[in-house]
Amino acid sequence: MKRLIIAFISIFMLQNCNSQGKIDLQKIINSTEFNDLSQKGVESIKENQEIVTKLPAYSFSDQQIENFKFGDISFQKAENSYVKILVNSFSKPQVLGFMVNEKNNPVLAEKLNEYLIKNYGAPKIIEPEPTLKKDNIILGNFTSKWIDSKNNTSIYFYKNYLKSDGKQIIGFSLHVISNNAEYPTDLSNSLQTKKVIDWYNTRF
């Protein structure tokens, strides 16, 4: 029994240490001291325009995603997954938001949803859980939104029900955007909106 307790404590401590070594995305919004994390051995690719927001972004592939967490939720290395950290520029970057995507991880999707509800309360449901089935497979999207007044951010959580090789897969995306985030002047003019969150609000 004593050995079992010691083994349990050792496993807990190992998990805790591993979690502490991860980069907490919850804490870097609006940071002006962010860099590409190369000093921690985490490699990134610079995207001049991230495809959704059109902002500059540091992109971390499925091989790097396990270096990140969101509060108590640690992300896991998986195919076709990524983390993208949105900034105003690469010269003197300020973090304006981030995106996390995992293509097929229903267990983590549920844990993340529960964590968001626990910490931010009941969300605004933009798209309800899909129920329509085709060949016994659910297809569709679930979308919810929170306003984090403490950190002045908007949080969007998407759960994606898809079919792949005849099987059900459930993935998720988490987008967290600073409500103060503004587009550079050239982008603001072309997109006809000043704030990034306004762009989101017209689409969701």
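Would you call residue 134 surrounded by 15 or more Cβ atoms within 10 Å (Cβ to Cβ) and at negative phi?
For residue 134, the condition - surrounded by 15 or more Cβ atoms within 10 Å (Cβ to Cβ) and at negative phi - is not met.
For residue 22, work out the one condition from (1) surrounded by 14 or more Cβ atoms within 10 Å (Cβ to Cβ); (2) at pLDDT 90 or above; (3) farther than 13 Å from residue 85 by Cα; (4) of a type outside the set (Gly, Ala, Ser) it doesn't fulfil.
Residue 22 satisfies every listed condition except (2).
Six or more apart or on different chains, Cβ atoms under 6 Å: show the pairs whose first residue is in the stretch 80-102 and over 14 Å from residue 176 (Cα atoms) and in contact (Cβ under 8 Å) with a residue 12 or more places away in the chain and whose second is part of a loop (DSSP other than H, G, I, E, B) and of a type in the set (Phe, Trp, Tyr).
93/34
Identify the single condition in (1) surrounded by fewer than 17 Cβ atoms within 10 Å (Cβ to Cβ); (2) closer than 28 Å to residue 186 by Cβ that residue 58 does not satisfy, given that it satisfies every other one.
If we test residue 58 against (1) surrounded by fewer than 17 Cβ atoms within 10 Å (Cβ to Cβ); (2) closer than 28 Å to residue 186 by Cβ, just (1) comes out false.
Being touching a residue at least 60 places away in the same chain (Cβ under 8 Å), under 17 Å from the mean Cα position of the chain (by Cα), surrounded by 14 or more Cβ atoms within 10 Å (Cβ to Cβ) and over 22 Å from residue 78 (Cβ atoms): is that true of residue 177 here? Outline the logic, then answer.
Values: touching a residue at least 60 places away in the same chain (Cβ under 8 Å): yes; under 17 Å from the mean Cα position of the chain (by Cα): yes; surrounded by 14 or more Cβ atoms within 10 Å (Cβ to Cβ): yes; over 22 Å from residue 78 (Cβ atoms): yes.
Taking the combined requirement at face value, the residue satisfies it.
Cβ-Cβ distance below 9 Å, separation of 6 or more or different chains: which pairs start in the stretch 126-150 with a residue that is within 25 Å of residue 28 (Cβ to Cβ) and end on one that is outside any loop (DSSP other than H, G, I, E, B) and of a type in the set (D, E, K, R)?
143/127; 143/159; 144/124; 144/127; 144/159; 145/124; 146/124; 147/124
Is one or more of the residues making up the stretch 80-96 touching an Asp or Glu at 6+ places or on another chain (Cβ under 6 Å), of a type outside the set (Val, Ile, Thr) and in a loop (DSSP other than H, G, I, E, B)?
Checking the stretch 80-96: at least one residue is touching an Asp or Glu at 6+ places or on another chain (Cβ under 6 Å), of a type outside the set (Val, Ile, Thr) and in a loop (DSSP other than H, G, I, E, B).
The values are calculated or read from the model by the stated rules, or taken from the named source; none is laboratory data. Computed from a prediction, not measured in an experiment: that's the story for all the values here. All Cβ positions, even for glycine, are placed from backbone atoms using ideal geometry, and neighbour counts span all protein chains on display.
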